[in-house]
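Please treat every number below as a calculation from the coordinates, not as lab data. No experiment lies behind these values; they were computed from the predicted model shown. Using ideal geometry, Cβ is built from the backbone for each residue, glycine included, and neighbour counts are taken over all protein chains shown.
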Amino acid sequence: MYIHIGGEVILPAIEIIAILPYAEGELAKDTAVFLHEWDTKHDCKKIASEDSVKSVIVTDTCIYFSPVSSQTLKRRSMSDGLELLNDELGEALLSDSE
């Protein structure tokens, strides 16, 4: 199964190690240190602008900063991801055309 984590990024669910909620200034100290150290030594991809990041997705090779909330990503991982993605894309297209 694949999970759409925001923007144009879709990851195989098996590659995801953790999905963490993100709120600047509200991160546990250890989490903030981990993210900072990873960012300086490894690959981090910011899918969202800094002020719209809602979750952090950790894989073996990369950390993604996503505009999609951790609750939504959890729901996507527990449901038929393709059907949910199609529904969300359809809604986005409808709202863009209005």
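Below, the figures for the structure above:
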quantity	calculated
Under 5 Å, built H, 5+ apart or other chain: amide partners of Lys45	Ile63, Tyr64, Phe65
Pair Leu11, Cys62: separation of 7 Å Cα→Cβ label points (nm)	0.9 nm
Whole-Hz couplings from phi, Karplus 6.51/-1.76/1.60, listed for the range 45-60; x for Gly and Pro	10, 9, 7, 10, 5, 3, 7, 10, 6, 10, 8, 10, 10, 9, 10, 4
Evaluated at q = 0.17, 0.33 Å⁻¹: base-10 log I(q)/I(0), Debye formula over Cα of the range 7-51	-0.63, -1.27
